[in-house]
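Here's the structure we're looking at; comments come further down.
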Amino acid sequence: MLLGAVTMASFTFAQENMPISSKMKTDNNVAPFSKASAYRTWSFGVNGGVLAPAVVTGGHNDFSNWEVNAGYGGYLKKQFTHNFGLQADFFRGTLKADNSTTNTNGPALANTPYKSFETEIKWNATLSGVYNIGNFNILNRQSYVTPYISAGAGLMGYQPILTNNAGLVIDYNKGENIHELVVPVGLGLKFMVTKGINIDLGYKMNFVDGDNLDGYYRLPSSDKFSYGYGGLEFALGNKSKPQLAFTNPAASLEKDYVAKYDDLKAQLDASKNNTEVNALKDQVNKLMTDSDGDGVSDFYDKCPNTPKGTAVDGSGCELPKMEAPKPVTYIITEEDKKVVSDAIKNLEFDFNKATIRATSYTTLDKVANLIVSKNLSLKLAGHTDSKGSDAYNMKLSKDRAESVKAYLVSKGTNSSRVEATGYGENQPIDTNGTEMGRQNNRRVEFTLYN
């Protein structure tokens, strides 16, 4: 079986040098990023091989000279991704060993009451996770050989029979099965020989949770045995679907890209000989051509050869030149000045605050209307008397000017048309030595300008 698998692997590797059309089509044109339902994910296998009460990591249990005996089994597997699946295994077989002095496995054990043992494994049922190491091959479009590793746990039932040094046969458990937990760890190779059949070769180490596999408790360590096998795996489901475990995702992407490219190229090649398409291309070229660069195609341009940079209408003809409007300057009249003067006379604030009294609203409304209707600008200059500190008076004068500006803006005046400045006590118009003089100095001046 091993020789046949190697021969088949050599044949499939040789296929990699053939054209794609000559290869076995295993991907069945499954679109990239398809769900697992697009593949065959269930499979079952049968196998046969050899059992031995020893493993490659060392240790021969409680007898020195182990023998090789036959075993057989089967499994059911569910593949979840390209790399990972769960596998339920079942197998049976026989384990034998003795403690003879003429052996190749080591010297006979001293001080042991038993000459040999034979254990029949009635059943062994385990569930293992199987990880495919090499189904993704960046050098080849299709994987035909997949190495894998597995590990799991389960339960086994067995009956050990011992023969002591006097030749007496002893039934260890009086004809009843012993049940123990077993942990299988394995590795193997699978060879895909057809779309739904694989050759499966592997080696599995089984670690038993007990020291009674051979019926003899001698050392404080658990017993173990190995199973080397070969078999066949059969994919279940729609025969037209590929096996998920042997699908190369990168190859699926590449094939999808090549197929779309070939289809587009075929359409373009076909269009080259299409008279209607060529006529349409000529029409489009005419619509796209703009010889004088005025933004109107020659097909619609009624005024060709327009000088570069000339503004044109939809027909490509030069637009009439428009003269820029001359700015209008409004002359401020005496009546306008009177409106401002009345506002200044009637402007009152709360004592020592920037709050405008309601009695000033009527004349301020007239000023706002004047600025808006005649597009004028206004400068507001706040002043105080000499009482209080310079800093306080400067702030109060600025706040009062800003308060007047805020009111005018609330009445529709453009804020950019009103300038508010505070001068404090620095520009008196009367003496600060009398109450009347100080009252005259407490003011907000209005200056109209274009």
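For the reader, a short list of remarks on this structure follows.
- Residue satisfying all of: in segment 206-227; surrounded by fewer than 18 Cβ atoms within 10 Å (Cβ to Cβ) and out of contact with any Leu (no Cβ under 6 Å at 6 or more places or on another chain); modelled with the highest pLDDT among these: Phe207
- Residues of segment 174-193 satisfying the condition of being touching a residue at least 40 places away in the same chain (Cβ under 8 Å) and assigned to a loop (DSSP other than H, G, I, E, B): Asn177, Val193
- Of all residues in segment 87-120, those that are at pLDDT below 75 and hydrophobic (A, V, I, L, M, F, W, C) total 3.
- Those residues of segment 45-68 which are assigned to a strand (DSSP E or B) and surrounded by fewer than 18 Cβ atoms within 10 Å (Cβ to Cβ), in sequence order: Val46, Gly48, Val50
- Test set (1) in a strand (DSSP E or B); (2) more than 60 Å from the chain's Cα centre (by Cα); (3) surrounded by 18 or more Cβ atoms within 10 Å (Cβ to Cβ) - Thr447 fails condition number: (3)
- Where a residue in segment 287-313 is at positive phi and assigned to a loop (DSSP other than H, G, I, E, B) and its partner, wherever it lies, is among the charged types (D, E, K, R) and at pLDDT 80 or above, with Cβ under 8 Å and at least six apart: Gly293/Lys308; Asn305/Asp292
- Filtered residues of segment 422-438 (kept if surrounded by 14 or more Cβ atoms within 10 Å (Cβ to Cβ) and among the hydroxyl-bearing types (Ser, Thr, Tyr)): Tyr423
- Some residue of segment 43-58 being touching a Lys or Arg at 6+ places or on another chain (Cβ under 6 Å) and at pLDDT 95 or above: yes
- Filtered residue count, segment 320-335, keeping only those that are modelled with pLDDT of 80 or more and in a loop (DSSP other than H, G, I, E, B): 3
- Of all the residues in segment 404-435, those that are in contact (Cβ under 8 Å) with a residue 40 or more places away in the chain and part of a helix (DSSP H, G or I) number 4.
The values are calculated or read from the model by the stated rules, or taken from the named source; none is laboratory data. Nothing here was measured: the structure is a model prediction, and the numbers come from that model. Note that we place each Cβ from the backbone using ideal geometry, even for glycine, and neighbour counts take in every protein chain shown.
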